[in-house]
1. Test of understanding: express the Cα radius of gyration of the range 78-175 as a ratio to 2.2 N^0.38 Å, with N the residue count.
2. Once you charge only the Cβ atoms, +1 for Lys and Arg and -1 for Asp and Glu, what is the size of the charge dipole of the chain about its Cα centre, to the nearest 20 debye?
3. Taking only Cα atoms and a 10 Å spring cutoff, compute GNM fluctuations for the chain and point out the largest among Arg88, Arg159, Arg167.
4. Packing-wise, with mean Cβ within 10 Å as the measure, how do 178-190, 92-104 rank, highest first?
5. Measuring from centroid to centroid over Cα atoms, what is the spacing of the range 101-129 and the range 145-205 in Å?
6. Tell me, what % of the accessible area of the chain is carbon and sulfur with a 1.4 angstrom probe?
7. Per residue, how much accessible area does the range 1-156 show when a 1.4 Å probe rolls over the protein heavy atoms, in square angstrom?
8. Report the net charge of residues surrounding Asn187, where surrounding means a beta-carbon distance below 14 angstrom and charges are Lys +1, Arg +1, Asp -1, Glu -1.
Amino acid sequence: MTEEARRDQHPPWDDSYTGGTPAPWDIGRPQPAFVRLADEGRLTGQVLDSGCGTGENSLLAASRGADVIGIDVAPTAILRARAKAAERGITARFEVVDALDLADLGLSVDTIIDSGVFHVFGDEDRARYVTSLAAALRPGGSCYLMCFSDQQPGDWGPRRVRADELRSAFRDGWTVESISADSFDINPVNGARQAEAWLATIRRS
Ligand code: SAH
């Protein structure tokens, strides 16, 4: 499929990247939670950043020596991620790919990053997404997933996720090693600069 055809297929997501103002999540730097994971040496080997947006978490992992592929359904985000990589002299691959069809990539990565993507999917796509992640991750590989948490008040932004929903989504073929309270840094929304999150470490059996 051409990038134009994909843009037509997913116009709302691409629109998040074509306005003048960056989207709330598009903060121009990696999420602190992923910086911590990188500092702990967890973003290593071949890394897939699923729904990478403009690529900050991908570029973080790549700058620490990981072999990174970032994918997103929004072509404008991917073009921006490629431009940032070039500007910063960082080697990483960025492709327009649907995260629900990761099997098509034929990957078997060591590590998956999901920063703010699981929470965009409704129940049906959520199950498809988890299957798709499993197809791209080698057995024993780790997925680090951060999503909006039910601890976040208000009704703006994405659907809130409960820790037990995470556990049940990754029930079969995975071990949920930890789910801890964390936060997203965001561009201000209603005056808020952070949003409550769950950070999950999930290992593929
Ligand atoms: N991880 C990025 C972006 C989070 S916002 C960051 O931390 O900045 C959610 C992202 O998921 C958006 O970039 C959106 O384009 C992408 N997305 C939504 N549905 C997708 C799908 N089916 N496949 C791939 N990416 C998707």
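The values are calculated or read from the model by the stated rules, or taken from the named source; none is laboratory data. Because the structure is a prediction, the values reported are computed rather than measured. Cβ: placed from backbone, ideal geometry, glycine included. Neighbour counts: every protein chain shown. Remember, those area values only see protein heavy atoms, side chains included, never the ligands or the DNA or RNA. Shrake-Rupley method; radii C 1.70, N 1.55, O 1.52, S 1.80 Å.
1. In units of the 2.2 N^0.38 Å rule of thumb, it is 1.20.
2. 500
3. Sorting by GNM fluctuation, first place goes to Arg88.
4. Output ranking for 178-190, 92-104: 92-104, 178-190.
5. Rounded to whole Å, the Cα centres lie 15 Å apart.
6. Carbon and sulfur atoms account for 47 percent of the accessible area of the chain.
7. Ligands and nucleic acids excluded, the result is 43 Å² per residue.
8. It works out to a net charge of -1.
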